[in-house]
Each structure stands twice: as structure tokens, then as C-alpha cells.
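Engineer: Supplied in C-alpha cells, the structure appears directly below.
Rule-based calculations on the coordinates, nothing more; no lab input. This one's a predicted model, so the numbers in the text were calculated from it and none came from an experiment. Positions of Cβ are backbone-derived with ideal geometry, glycine not excepted, and every protein chain shown enters the neighbour counts.
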Amino acid sequence: MVWRWLIGIVAIVLMVLTPISAGLAQPAPTELTDAQFELGDKLRTQAFTATNDGDFGKAETYWTQLIDLFPQNPAIWSNRGNSRVSQNKLTEAVTDFNKSIELLPNYPDAYLNRGTALEGLGKWDAAIADYQYILSIDPKDAMAYNNLGNAYAGLGDWNTAIKNYLKASEIAPNFAFARANYALALYQNGETAEAIRNMKNIVRKYRDFPDVRAALSAALWQDGKRGEAESNWVATVGLDGRYKDLDWVKNTRRWPPNMVAALEKFLKLQ
């Protein structure tokens, strides 16, 4: 299992089937040999290993080989879609998720994954529809609420985004990224003191969370607390140097515009 989010704070879920021969929607056992099932289990292990190593191109290759063996397995199609999202092959990923949903219409993870890709394509309304469908099946799916917040943020509806991030945090109090997104959205909405208070609480609990430390650095700098800002920034860079790249923060991590602007000022004046 991997994190159910992709940088940019969108979710991907690996649909885990172990072993392959115990998977969903498989052909009758007589249609495949024991050797093919063994190969399937080996390829599945290799695919997950490549994913954990961050080699998504190799993972895609393994999932494609698995699709050739088990074309009726919805999890394999969804997992190849995940590997494609991770390579920014978003249109191809949507095709894979569509196939997964066709094979297993009521399984929520494929909708969550498709919403991820649709967000990346800027198709906010379609992503919202996928997340709302998940919530019609499971009204307590914290990930769906978090991603619903992302999609509304993409539309610039920050009030609705805040409500959804808060709901995700209430359902899953340890869902750190939902809490982080909530704080960032508050900052975007001009509620800077409350945003900083939430950021500090998150950092207190998750000391090695670079996203919030970076945001807190920028927010504190804007608030005139230079020393505290610098201290958090040193910790941020030690954990993840990508926060020095404004383009990455804006377009990949997808921070709200006000938070990006605060970080830009911090980096220029530091």
C-alpha cells in the first residue's frame, strides 16, 4: 500500500490483491496454468517493489504484463492507471480507471484514482462527481472529502474546500495532509492567525512534515516572526529541498495562491 495521495495532494490507491489467483473477476482457473498464476504473483510483487522505489515506468511495464495475463482484473487496470498518473500520463490513466470501473462498477478506489487524474487535467467538475459518488457509497471516506476539497480549491471555491478538508480531518484526526490542506486553505481565505495556529499544532505532532514547516516558515515571515520562520525553514530544507522551487510548489504541490506568494516573498527577502 502507498500513501493515498500524490504530490499535489491528490489521491492514488493501489488496489491490493494477494495472491493474483485470489483476485476479483478472474477467468475460470481452467483457462490459466499454475505457471501463469505463479508468473502473475511474481509480476505483482515486482510492480509493487518498483512503485515503492519510485520507478513508475518499470511499474507500468509490470502492470501491462499483468493485464495481458488477467485482462478482467479491475485492480490491475487501476494500478496501471496509478503508475501512469505518477508519470503525468493523465489521459492514459483515465482510460485505465474507466476500464477498472467498467469491470467493477461499485468499488470506490478506482473512482478516487480517476478523480486524481481528472484533477490533474483540470476537469474539476468531473473529479467532484467521482468523489461525491464515493461518498454516496461511504459517507465517512476521509480521503474522498480531502480530494473533494482539492477539487473545489481548483475551482477557487475556498469556503467549500475548507468545509471538506475539515470534514476529512474530523473523520480521520490523524490524516495529516487533510489537516495541512485545511490550514493552507484558511490562509488563502485570509484567516491567517487561525491558519498559523493550525500549522503550529500540526508541526508539534508531526515534526518531520516538510509541507507544513515550509508553509509555516512563509506565514511566520509575513507575520514578522523572522527568527521562528528561519528555524522552520532550516528544518524544511533538511527534509525536502523541493520547497525552494516555486514552480514545483505552485504547479505540482498546488499550494493556494496566497501561500505561494508568501513563500515567494520569504525566499526573495530571506
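Engineer: As a test of the formula, what do you get for the chain when each DSSP H run with n ≥ 4 contributes -39,500 (n - 2.57) and the sum is divided by the residue count, at 222 nm and rounded to the nearest 500 deg cm²/dmol? Working shown, then result.
Structural biologist: On the way: 13 runs with 180 residues, N = 270.
Helices in the chain give a 222 nm mean residue ellipticity of -21500 deg cm²/dmol.
Engineer: Tell me, how many Å apart are the Cα centres for segment 83-119 and for segment 216-247?
Structural biologist: Here the answer is 35 Å between Cα centres.
Engineer: Kindly provide the pair-distance distribution of the chain built from C-alpha pairs, with 5 Å bins from 0 and whole-percent values in order of increasing distance.
Structural biologist: Bin by bin from 0 Å, the calculated values are 1, 6, 13, 16, 16, 14, 12, 9, 6, 4, 2, 1, 0, 0, 0.
Engineer: Take the alpha carbon atoms of segment 56-209, find their radius of gyration, then divide it by 2.2 N^0.38 Å using N residues; give the quotient.
Structural biologist: Compactness ratio reported: 1.14.
Engineer: Evaluate the charge dipole of segment 171-259 about its Cα centre and quote only its size in Debye, nearest 20, assuming +1 on the Cβ of each Lys and Arg and -1 on the Cβ of each Asp and Glu. Each step should come with its number before you reach the end.
Structural biologist: On the way: 14 positive and 10 negative charges, 35 e Å.
Dipole magnitude for segment 171-259 comes out near 160 debye.
Engineer: Oh, and also: Given a Förster distance of 51 angstrom, what is the FRET efficiency for Thr49 paired with Lys268, based on the Cβ-Cβ distance and rounded to 0.05?
Structural biologist: That pair, Thr49 with Lys268, gives E of 0.75.
Engineer: Same structure, new question: Which Cα, out of Trp248, Gln87, Thr192, lies furthest along the positive dipole direction of the chain (beta carbon charges, K/R +1, D/E -1)?
Structural biologist: Thr192
Engineer: Can you give me the angle between helix 158-171 and the longest principal axis of the chain, using Cα atoms only, in degrees from 0 to 90, rounded to the nearest 10?
Structural biologist: Computed tilt is about 70 degrees.
Engineer: To the nearest 20 Debye, how big is the dipole of segment 222-264 about its Cα centre, given +1 on the beta carbon of each Lys and Arg and -1 on that of each Asp and Glu? Write down the numbers at each step before the final one.
Structural biologist: On the way: 7 positive and 7 negative charges, 26 e Å.
Roughly 120 debye, rounded to the nearest 20.
Engineer: Once you keep just the Cα pairs under 8 angstrom separated by 6 or more residues, what percentage relative contact order results for segment 161-270?
Structural biologist: Relative contact order, segment 161-270: 22 percent.
Engineer: When the distances between all Cα atoms of segment 185-270 are binned every 10 Å from zero, what whole-number percent does each bin get?
Structural biologist: 19, 59, 22
Engineer: Of the options Pro108, Ala144, Tyr133, report the single residue whose Cα projects farthest towards the positive end of the charge dipole of segment 95-218 (beta-carbon charges: Lys, Arg +1; Asp, Glu -1).
Structural biologist: Working it through, the farthest residue towards the positive pole turns out to be Ala144.
Engineer: Moving to a separate point now. Determine the dipole magnitude for segment 87-127: charges of +1 sit on the beta-carbon of Lys and Arg, -1 on that of Asp and Glu, nothing else is charged, the reference point is the Cα centre, and the result goes in debye to the nearest 20.
Structural biologist: Using only the charged Cβ atoms, the result is roughly 60 debye.
Engineer: Which Cα, out of Pro71, Leu263, Leu239, lies furthest along the positive dipole direction of the chain (beta carbon charges, K/R +1, D/E -1)?
Structural biologist: Leu263
Engineer: Holding the Cα-Cα limit at 27 Å, pick out from Lys58/Lys244; Lys200/Lys244; Lys42/Lys140; Lys225/Lys268; Lys123/Lys163 the pairs that are longer than that.
Structural biologist: Working: Lys58/Lys244 29 Å; Lys200/Lys244 20 Å; Lys42/Lys140 35 Å; Lys225/Lys268 16 Å; Lys123/Lys163 21 Å.
The pairs that break the limit, which is 27 Å between Cα atoms, are Lys58/Lys244; Lys42/Lys140.
Engineer: I've got another one for you. With a 10 Å Cβ neighbour count serving as the proxy for reagent exposure, in which order, fewest first, do Tyr131, Tyr62 appear?
Structural biologist: Going from sparsest to densest Cβ surroundings: Tyr62, Tyr131.
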